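First the structure, in the form of C-alpha cells, and then the observations on it.
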C-alpha cells in the first residue's frame, strides 16, 4: 500500500471492500425485483461505486485477478454512463416505455 490509503488500518480497507460487496448484491437484487432498470445511469453508477470500494478493499490484501475484474467493472460502468448521458432526450423517452411482448420464434 502506498499514498493516501496508508493512513487507514487494514481493517478499515477490508470494511470498505465488504461494503462494496454489499452494494453489488443490493444492486443486483434491486435489478432482479425490478426496482432499478439496467438501462439507467443509476444502475451503472452503483456498479462502478461497488467496484471502486472492492478495489480499495483489495489494498489490504491484494489479489491481481480480483483487481483486474474491479478495474474492468469501473471502466465498463464509466463507458455505459457516458453513452447514456450522450443519448438524446428522445431516445431516453423511448427507452422508458414498456417493451412490447415479443412472440416466440417458431
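Just so it is clear, none of the values below were taken in a lab; they were calculated from the coordinates. Everything numeric here is computed off the predicted structure, so don't read it as measured data. Every residue, glycine as well, gets a Cβ built from its backbone with ideal geometry; the counts of neighbours run over all protein chains shown.
Structure above, values below:
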quantity	calculated
Cα-projected label distance for residue 79 with residue 21, points at 7 Å along beta-carbon direction, nm	2.8
Fully extended contour minus Cα-Cα distance, from residue 71 to residue 4, at 0.36 nm per residue	22.2 nm
Between the range 54-82 and the range 1-49, the Cα center-to-center distance that results, in Å	10
Theoretical gain in end-to-end length, residue 87 to residue 63 [0.36 nm per residue, Cα-Cα removed]	5.0 nm
